[in-house]
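I have a structure I would like to understand better, so I am pasting it below and will then ask my questions one at a time.
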Amino acid sequence: MKNKIQQLRKAHKVTQQELADALCVTRQTIISLENGRYNASLTLAHKAAQFFGMTIEELFIFENDENI
Amino acid sequence: MEDFRKKLERKMKILALICCIFPVSFISGMSIFKLKDDFSSGLVLGVCISSMLVTVYCLAKYYSLLHNDEKLKKYYVEKTDERNDAISKETMRTSSVICLVLTIIACILFGFINKYVSIALAADVYLSAIITLIVHNYYKKKM
């Protein structure tokens, strides 16, 4: 699952550590999320979407086969 | 965060209790059962000493965490981080499958060398399978 976390974080001028602190996760989790190596849980996706002021669908790009 | 602090305090009390119980139970156990075999008494002593060392280490760690808010927050984030949780679950799953396969292979190989070792390994495989079934059923009902 792709996401726009990295580009939004850079647009908001937020560091990985600041985002990690805001979402109560480690910086490694943010790095893995940005690289697409780890898929966030619904709770973390909701927190991240709230942080950037958007919906989960806007932040995370669901591909067709992932919706099934 | 406050819940986590209380949880750590509770853990500290349990560890302190273990710290008191271990030496007493070891000394009384050694005097009651009078282990004459060097191997078994050495094994019991080793287990007790290593358990005590781990307990004391955990106690010291929790004590320093409870007296430093910054460290406590960092530890809380590390412990509750969902990626760390996913990694530990995946590690447990993969390592248990590898251990099971290796035990089955060892069980078959030891069948040609020593039947007692082979039977012990087979018992381990069956016991693991039974425990897995019980735990699986527990989580099936819970979730």
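Each reported figure results from applying straightforward, stated rules to the coordinates on display, with no laboratory input. None of these values were measured; they are calculated from a predicted model. For neighbour counting, all protein chains shown are included, and Cβ atoms are generated from backbone atoms with ideal geometry for every residue, glycine included.
If you build the Cα gyration tensor of chain B and take the root of 5 times each eigenvalue, what three semi-axes come out, in whole angstrom, biggest first?
35, 28, 14
Could you calculate the contour length gain from B:LEU59 to B:SER41, that is, 0.36 nm times the residue separation minus the distance between their Cα atoms, to one decimal place in nm?
Stretched fully, the B:LEU59-B:SER41 segment lengthens by 3.8 nm.
What are the extents of the Cα atoms of chain A along their three principal axes, in Å, largest first?
Taking max minus min along each principal axis of the Cα atoms, chain A gives 34, 22, 20 Å.
Moving on. For segment A:37-53 and segment B:1-35, what is the centre-to-centre distance using only Cα atoms, to the nearest Å?
40 Å
Report the charge-dipole magnitude of chain A in Debye, nearest 20, computed about the Cα centre from +1 at each Lys and Arg Cβ and -1 at each Asp and Glu Cβ.
320 debye
Once the dipole of segment B:1-57 is set up with Lys and Arg at +1 and Asp and Glu at -1 on Cβ about the Cα centre, which of B:ILE32, B:LEU15, B:MET52 lies farthest towards its positive end?
B:LEU15
Here's a follow-up. With only alpha-carbon atoms counted, please give the Rg and Dmax of the protein assembly as shown, in Å.
Values for the protein assembly as shown (Cα only, Rg and Dmax): 24.4, 72 Å.
Still on this structure, please answer the following. Report, in order of residue number, the helices in chain B meeting two criteria: a C-alpha extent of 24 Å or more along the helix axis, and a mean Kyte-Doolittle hydropathy of at least 1.6; treat each whole DSSP H run as one helix.
None pass (Cα extent of 24 Å or more, hydropathy at least 1.6).
Now for a separate question. Based on the Cβ-Cβ distance of A:LYS10 and B:GLU70, what FRET efficiency does E = 1/(1 + (r/R0)^6) give at R0 = 22 Å, to the nearest 0.05?
So, using R0 = 22 Å, E works out to roughly 0.20.
Counting only other chains, and only Cβ atoms inside 10 Å, what mean value do you get across the residues of B:82-91?
If you average over the peptide's residues, the count of other-chain Cβ atoms is 4.
May I pose another question? How long are the semi-axes of the equivalent ellipsoid of segment B:2-80, defined as square roots of 5 times the Cα gyration tensor eigenvalues? Whole Å, largest first.
Taking √(5λ) for each Cα gyration eigenvalue gives 34, 12, 8 Å.
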